[in-house]
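Have a look at the structure below, then the notes.
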Amino acid sequence: MTDFFKGIPAVKYEGTASDNDFAFRHYNPDEVVMGKALKDHLRFAAAYWHSFAWPGGDPFGGQTFDRPWFGDSMDAARLKADVAFEMFQILGVPYFCFHDADVRPEGATFAENTKNLEQIVDYFGEKMDATGVKLLWGTANLFSHKRFMSGAATNPDPDVFAYSAATIKTCMDATMKLGGENYVLWGGREGYETLLNTDMGRERQQAGAMLQMVVDYKHKTGFKGAILIEPKPQEPTKHQYDYDVATVYGFLKDFGLEGEVQVNIEQGHAILAGHSFEHELALARELGIFGSIDMNRNDYQSGWDTDQFPNNVPEMALAYYEVLRAGGFTTGGTNFDAKLRRQSLDPEDLILAHVGGMDACAAGLKAAAAMLEDGKLEAARDARYAGWDTVAGKALLSSDLDSIAAKVVADGIDPQPRSGRQERLENVVNRYL
Ligand code: XLS
Ligand code: NI
Ligand code: NI
């Protein structure tokens, strides 16, 4: 045991009457909702990078957090792992997620990076066996080091493509060794700053080739997890290629990979793309590529990826409504890709941020389940489209313009506008919150 979280108890469910900061009010892991325990619906994961690797900097100032594991040695990396697994246990999160660069010191060479990663993976393996904590997903950090400043797969320099492919291989190996349930590709700097120096056609082909190699490696190694792309419209590059769910789907179709790759949708990225989170979730469901979520929000005034812990229950209810309509998670889960505010210095801030996020998600999911089970919203939706379930409605879709035109005249078709009843439906939603 380290003494980082000294005095902080394991967080338990105490119900809404509790006055204890270190308690869940809504997240009762074993409570059964729609035939499934809450913990199996939500499949919470803590993100290693923001909680343990981020020093608290912003564009105007550097490190604010003093963590005993900050440093570039294997001893520091092991101490970081000790503390991380202590946090997972205090919270009772069943999963975690990591990038290679979060967990191992940067080596002088590629081979040294790989050796450092392998050592930490073994260390994680022991800790996972001892605690029962599992890996939701692994990923490669192909954006922080300066070698990736012009992209990874989409870099103008083939050597960077090679270095990136090799790094992805080591991270997929690490993920497989730890029984990870997914492998995520977020296009960190896969985008451009200016078209004046960018060959977009080549960069797209390079990204497609890299993704094909990832899928081939999955099949070659027998990895059972899902490959997930995480869309984001901008930041760090001015224009990211994986802009949103629709863009990713177009890309997958172009390279024939729509049956092989799904999406990890982040709440804040959806907002940056000018969508709501539920729009992105619903579209992914309809396209058959829904995989997992990063449940961290942005500040609505600032316009960049502030990665705050989620706390807006009405928003989460609408999001989990779409997740439940998709049939819930299979390999995916709810990852807190969220960081503390840089003034939140204390170890207990890290715990309480997750407690609040987990509780808000649980409250949102329960509200969503109640909305779905009551069926009022679905009944209203069905009624709105009922015409399409009639024989005449169905026949339209396989007809042709000539026949339809003749029918409109013969039957005297004269459509009458009907209310969309939006406010009524919004009122219904508020009854569950
Ligand atoms: C950054 C992304 C990143 C991915 C993992 O905005 O959200 O944290 O989730 O590389
Ligand atoms: Ni993000
Ligand atoms: Ni993310």
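Bear in mind that the values in this text are calculations on the coordinates, not laboratory data. All values reported here derive from a predicted model rather than from experimental measurement. Cβ placement follows ideal geometry from the backbone for every residue including glycine, while neighbour counts extend to all protein chains displayed.
Compared with the dominant principal axis of the Cα atoms in the chain, helix 347-374 is inclined by about 20°. For the chain, a Gaussian network of Cα nodes joined below 10 Å ranks VAL93, VAL248, VAL33 by mean-square fluctuation, and the top entry is VAL33.
Dipole magnitude for the stretch 175-239: about 240 debye, using +1 per Lys or Arg Cβ and -1 per Asp or Glu Cβ, origin at the Cα centre. Just want the answer: with Cβ charges of +1 for Lys and Arg and -1 for Asp and Glu, which residue in LEU377, GLY387, GLN416 is farthest toward the dipole's positive end in the stretch 361-433? The residue sitting farthest along the positive end of the dipole is LEU377.
Each Lys and Arg contributes +1 and each Asp and Glu -1, all at the Cβ; summed about the Cα centre of the stretch 384-428, the dipole is approximately 200 debye.
When all alpha-carbon pairs of the chain are counted, what percent fall beyond 34 Å? When every Cα pair of the chain is considered, 36 percent fall beyond 34 Å.
With semi-axes defined as the square roots of five times the eigenvalues of the C-alpha gyration tensor, the equivalent ellipsoid of the stretch 312-351 measures 29, 13, 7 Å, largest first.
Over all orientations, the stretch 77-138 has a Cα convex hull whose mean projected area works out to 3.8 square nanometres. Converting the Cα gyration tensor eigenvalues of the stretch 46-188 into ellipsoid dimensions via √(5λ) gives semi-axes, longest first, of 24, 19, 14 Å. Hydrodynamic estimate: the Kirkwood radius of the stretch 148-292 over Cα pairs, inserted into Stokes-Einstein at 10 °C and 1.306 mPa s, corresponds to D of 103 µm²/s. Measuring max minus min along each principal axis, the C-alpha atoms of the stretch 216-358 give extents of 46, 32, 29 Å (largest first). Amide H contacts under 5 Å for TYR95: ALA46, LYS134, restricted to partners 5 or more places along the chain or on a different chain, H placed in the peptide plane at 1.01 Å from N. Please give the Cα centre distance for the stretch 1-69 versus the stretch 328-359, rounded to the nearest Å. Value for the Cα centre distance between the two parts: 5 Å.
Each peptide in 230-241, 36-47 was scored by the mean count of other Cβ atoms within 10 Å over its residues; highest first, the order is 36-47, 230-241. Taking the C-alpha atoms only, the angle from helix 277-287 to the longest principal axis of the chain is near 70 degrees. Translational diffusion coefficient of the stretch 391-433 (Stokes-Einstein, Kirkwood radius from Cα pairs, 4 °C, 1.567 mPa s): 96 µm²/s. Placing one equal scatterer on every Cα of the stretch 3-55 and applying the Debye formula, the log10 ratio I(q)/I(0) at q = 0.31 Å⁻¹ is -1.09.
For the stretch 155-169, the Karplus equation 6.51 cos²θ - 1.76 cosθ + 1.60, evaluated at θ = phi - 60°, returns couplings of 6, x, 9, x, 4, 5, 4, 4, 4, 5, 4, 5, 5, 4, 4 Hz by residue, with Gly and Pro reported as x. Here the label points at GLU235 and ALA383, each 7 Å from Cα along the C-beta direction, are separated by 4.1 nm in the simple model. Across all Cα pairs in the stretch 141-202, the calculated P(r) in 10 Å bins from zero up to the longest distance comes to 22, 47, 23, 7, 1 percent per bin. Apply the a/c threshold of 1.5 to the C-alpha gyration tensor of the stretch 42-94 and tell me whether it is rounded, prolate or oblate. Verdict is oblate for the stretch 42-94. Can you give me the Kirkwood hydrodynamic radius for the stretch 159-235, using every pair of distinct Cα atoms, in Å to one decimal? For the stretch 159-235, the Kirkwood estimate is 13.7 Å. The largest-to-smallest principal axis extents of the Cα set in the stretch 263-337 are 33, 20, 20 Å. Sorting VAL261, VAL391, VAL408 from the fewest to the most surrounding beta carbons within 10 angstrom yields VAL391, VAL408, VAL261. Relative to the dominant Cα principal axis of the chain, helix 245-254 is inclined by about 90°. Among ARG204, ARG418, the order by Cβ neighbours within 10 angstrom, fewest to most, reads ARG418, ARG204. With a sphere of radius 13 Å drawn around the Cβ of ARG202, what net charge do the other residues whose Cβ falls strictly inside it have (Lys, Arg +1; Asp, Glu -1)? Once positives and negatives cancel, what remains is -3. Per-residue Karplus couplings for the stretch 6-15, computed as 6.51 cos²θ - 1.76 cosθ + 1.60 with θ equal to phi - 60°, are listed in order as 3, x, 8, x, 5, 7, 10, 6, 10, x Hz, Gly and Pro entered as x.
Volume per residue for the stretch 121-170 equals 86 cubic angstrom (convex hull of Cα atoms). The residue among GLY268, GLY333, PHE161 whose Cα reaches farthest toward the positive pole of the charge dipole of the chain, with charges on the beta-carbon of Lys, Arg, Asp and Glu, is GLY333.
Think of each Lys and Arg Cβ as +1 and each Asp and Glu Cβ as -1; about the Cα centre, that makes the dipole of the chain roughly 480 debye.
Size of the stretch 296-433 from its Cα atoms: along the principal axes, largest to smallest, the extents are 75, 32, 32 Å. Distance check, please: which entries in LYS134/LYS366; LYS146/LYS238; LYS12/LYS376 exceed 22 angstrom between their Cα atoms? Pairs exceeding 22 Å: LYS134/LYS366; LYS12/LYS376. Counting every other Cβ atom within 10 Å of each residue's Cβ, GLU260, GLU266 order from fewest to most as GLU260, GLU266. Highest-first packing order for the peptide set 21-32, 289-300 is 289-300, 21-32, based on the mean count of other beta carbon atoms within 10 Å. Taking LYS80, LYS394, LYS407 as the candidate residues, the one with maximal mean-square fluctuation in a Gaussian network model of the chain, Cα springs under 10 Å, is LYS407.
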